[in-house]
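What follows is a set of notes on a single structure, which appears directly below.
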Amino acid sequence: MQRTKVVDVLTGQDKGKEICVKGWVRTKRGNKNVAFIALNDGSSFHSVQLVADLAKFDEDTLRKVTTGACISATGLVVESQGSGQSVEMQMTSIEVLGEADAETYPLQKKGHSLEFLREIAHLRFRTNTFGAVFRIRHAMAFGIHKFFNDRGFFYIHSPIITGSDAEGAGAMFRVTTLDPVNPPKTETGTVDFKEDFFGGPTNLTVSGQLEAELAAMALGQVYTFGPTFRAENSNTSRHLAEFWMIEPEVAFNEIKENMDLAEDLLQYLVQYALDNCKDDLEFLNQQYDKELLDRLRFVVANKFERLNYGEAVEILKGSGVKFEFPVDWGTDLSSEHERWLVEKHFQKPVILTNYPKEIKAFYMKQNDDGKTVRAMDVLFPGIGEIIGGSQREENYDKLLNRMHEMHIPEEELYWYLDTRKFGTCPHAGFGLGFERLILFVTGMANIRDVIPFPRTPQNAAF
Ligand code: ATP
Ligand code: MN
């Protein structure tokens, strides 16, 4: 018999029919006469209840039906006797596909800490929490492609291995096939990268932006959505060494349109989650964060606050709050400042613009004041920075000057400079950290819990 997914069974569409379900046992309870098996196959947050009349089943088989075991069962879909579900299945046959020894299966009991579950990341998919998180993560990835596709953007695949280390977004991971113990040497004794796989030093990308700009200058509106890598040793709850980033880049957009696009995208995605991930969000709201749903609805319903970096610094300085790191014009804001602005002062998402040029990347458009650039950071409650972006410097001379000032070798980025030499135009874009988005939407507190296999300093286990 063809398998019916639990999500479809629970709609009640098969009431009165004989069906087959397959999945993993969440719980088994019962009495002398009857067993109740909660079966989950991942298609929904909810499990379907299977009711087994013990007299009709072989004792040995039912003994193997323990938490974590995988079974295939057939039976009749009937109106549920119990509360909490509309239908259940009266089991007529069962086959145990895979046993899970009750003595050694680590998820035998409920209520494990997230820290413990991180240590068994290969099994944590099977919990309610991680089922919910990863279904939401999927929905957000799909929503991102839908948002951009519906607006006529083209999805560009930027390279993961890059020959340039001048992008400036963070420390990079070297990619090499050279023998680390005994690498080939040049006459002067340095490592001879000519012998390396690509004939020169290569790294894992920190961002697809520069490549996306090349595409935007021909295709108009593009976005990347891929893995990025940063070798910073920051062991925080918001940083990963391998994370996914969404980077739209749009020809003819200036900073205002860039902010509008960022705000539209974030509100669209949060609404998409509210519309498509109801059961999972309700569970997370109840289990981890009672304000989650309210916060999501609030973000969709209210315009983001927009102000200059300089104004934000004045507000922070006048706040009377004793921050761990002092703020003054010219300092980079840290997440305590960002979160105070969002959570305490404005109590809504904030977009800051016009940052000092010294703390921002070389490619940002320089303002006429000679001091600031047209950067924009979107700050979110509980997260701090969720998006970083800017209008780009489209003037060849100004861009080249800034590269010289910041000691960025122009030979390495000649291809980037070419866009400003041939048919340049105003354009803008930003990077949205996918895991930061998932943190916000799920209400989870640690970024290690919103990516299946987190890579962090000292940890790249399976
Ligand atoms: P932060 O100041 O929070 O370290 P950043 O300014 O270095 O971030 P950008 O280079 O602006 O980050 O990257 C764009 C976006 O990518 C950020 O707004 C954030 O959402 C996300 N991001 C950056 N670094 C990381 C990381 N190590 N792990 C997860 N997401 C990240
Ligand atoms: Mn940033």
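Using a probe of 1.4 angstrom and keeping all protein chains present, the accessible surface of region 353-462 works out to 37 square angstrom per residue. Note on the chain: helix-only mean residue ellipticity at 222 nm, from DSSP H runs of 4+ residues weighted -39500 (n - 2.57) and normalised by residue number, equals -8500 deg cm²/dmol. For the listed residue pairs Lys15/Lys64; Lys56/Lys109; Lys28/Lys109; Lys278/Lys348, the alpha carbons are over 19 angstrom apart in Lys15/Lys64; Lys56/Lys109; Lys278/Lys348. Accessible surface of Met403, taken over heavy atoms with a 1.4 Å probe and every protein chain present, rounds to 0 Å².
Using the Karplus relation 6.51 cos²θ - 1.76 cosθ + 1.60 with θ = phi - 60°, the per-residue 3J(HN,Hα) values for region 28-42 come to 9, 9, x, 9, 5, 9, 9, 10, 10, 10, 8, 10, 10, 10, x Hz, with x marking Gly and Pro.
Which length gain, in nm to one decimal place, applies between Arg297 and Val7 when the Cα-Cα distance is subtracted from 0.36 nm times their residue separation? Don't skip to the answer; put the middle values down first.
Working: separation 290, 0.36 × 290 = 104.40 nm, distance 2.56 nm.
Here the segment from Arg297 to Val7 would lengthen by 101.8 nm.
In what order, largest first, do Asp150, Asp53 sit by accessible area if the probe radius is 1.4 Å?
Details: Asp150 90, Asp53 65 Å².
The residues order as Asp150, Asp53, largest area first.
Would you mind calculating the relative contact order of region 307-462 from Cα pairs under 8 angstrom and at least 6 residues apart, reporting the percent as a whole number? Provide the component values of the computation, followed by the final result.
Working: 221 pairs, mean separation 25.9, N = 156.
Taking the mean separation of contacting Cα pairs over the length of region 307-462, I get 17 percent.
Over the chain, the Kirkwood radius and the radius of gyration, each from Cα atoms, give a ratio Rg/Rh of 1.06. Using the 1.4 Å probe convention, the accessible area of region 6-98 works out to 49 Å² per residue with neighbouring protein chains retained.
Which aspartates and glutamates, on any chain, are close to Lys185 with Cα under 15 Å apart, when same-chain ones fewer than 8 places away are left out? Reachable aspartates and glutamates: Glu195, Asp196.
Once neighbouring chains are kept in place and the probe is 1.4 Å, which whole percent of the accessible area of region 308-372 is contributed by carbon and sulfur?
Working: 1530 of 3290 Å².
Reported share for carbon and sulfur atoms: 47 percent.
What a 1.4 Å probe finds exposed on region 403-462 is 58% carbon and sulfur by accessible area, rounded to a whole percent.
In whole angstrom, note down how far apart the Cα centers of region 21-67 and region 87-157 are. Each part's Cα centre sits 20 Å from the other's.
Each of Arg374, Arg174 has its accessible area taken with a 1.4 Å probe; listed largest first, they run Arg174, Arg374. Estimated at the nearest 10 Å², the accessible area of Asp397 is 100 Å² with a 1.4 Å probe.
Given DSSP loops and a limit of at most 16 other Cβ atoms within 10 Å, what is the longest stretch of the chain that contains no such GluC sites (Glu not before Pro)?
Details: sites that count: Glu99, Glu103, Glu187, Glu232, Glu254, Glu291, Glu324, Glu410, Glu411, Glu412.
Between exposed loop sites, the widest span is 1-98.
What's the carbon and sulfur percent of region 27-130's accessible surface, probe 1.4 angstrom, rounded to a whole number?
Details: 2730 of 5570 Å².
The computed percentage sits at 49.
Suppose all protein chains stay in the model; what accessible area per residue would a 1.4 Å probe give for region 188-322, in Å²? Spell out each step's value before the answer.
On the way: 6320 Å² over 135 residues.
Value for region 188-322: 47 Å² per residue.
Our Cα-only numbers for region 363-430 put the radius of gyration and Dmax at 13.7, 43 Å.
Structural descriptor for region 6-98: relative contact order 33 percent, calculated from alpha carbon pairs under 8 angstrom and at least 6 residues apart.
If you filter region 295-393 for chymotrypsin sites (Phe, Trp or Tyr not before Pro), then keep DSSP loop positions with at most 16 other Cβ within 10 Å, what is left?
Numbers: sites: Phe298, Phe304, Tyr309, Phe323, Trp329, Trp340, Phe346, Phe362, Tyr363; in loops: Phe304, Phe323, Trp329, Phe362, Tyr363.
Within region 295-393, the qualifying chymotrypsin sites (Phe, Trp or Tyr not before Pro) (loop, at most 16 other Cβ atoms within 10 Å) are Phe323, Trp329.
The Cα center of region 370-429 and the Cα center of region 197-231 differ in position by 14 Å. Taking all Cα pairs closer than 8 Å and separated by 6 or more residues, the relative contact order of the chain comes to 13 percent. Across region 284-301, computed HN-Hα scalar couplings (Karplus, 6.51 cos²θ - 1.76 cosθ + 1.60, θ = phi - 60°) run 5, 4, 6, 7, 10, 7, 5, 9, 4, 5, 4, 5, 5, 5, 4, 5, 6, 8 Hz from first to last residue, x flagging Gly and Pro.
Within 10 Å of each candidate Cβ there may be at most 12 other Cβ atoms; applying that plus a DSSP loop requirement, which chymotrypsin sites (Phe, Trp or Tyr not before Pro) in region 374-457 survive? Write out the running numbers ahead of the final one.
Working: sites: Tyr396, Tyr414, Trp415, Tyr416, Phe422, Phe430, Phe434, Phe440; in loops: Phe422.
Of the chymotrypsin sites (Phe, Trp or Tyr not before Pro), the ones in loops of region 374-457 whose Cβ has at most 12 other Cβ atoms within 10 Å are Phe422.
To the nearest 10, the accessible area of Arg306 is 80 Å² with a 1.4 Å probe.
So how tilted is helix 396-405 from the main axis of the chain? Cα-based, degrees 0 to 90, rounded to 10. Its long axis makes an angle of about 90 degrees.
Accessible surface ranking for Val6, Val321, 1.4 angstrom probe, highest first: Val321, Val6.
The values are calculated or read from the model by the stated rules, or taken from the named source; none is laboratory data. Given the structure is predicted, the values throughout are model-derived calculations rather than measurements. All Cβ positions, even for glycine, are placed from backbone atoms using ideal geometry, and neighbour counts span all protein chains on display. Just so you know, the surface numbers come from the protein's heavy atoms only, side chains and all, with ligands and any DNA or RNA stripped out. Shrake-Rupley method; radii C 1.70, N 1.55, O 1.52, S 1.80 Å.
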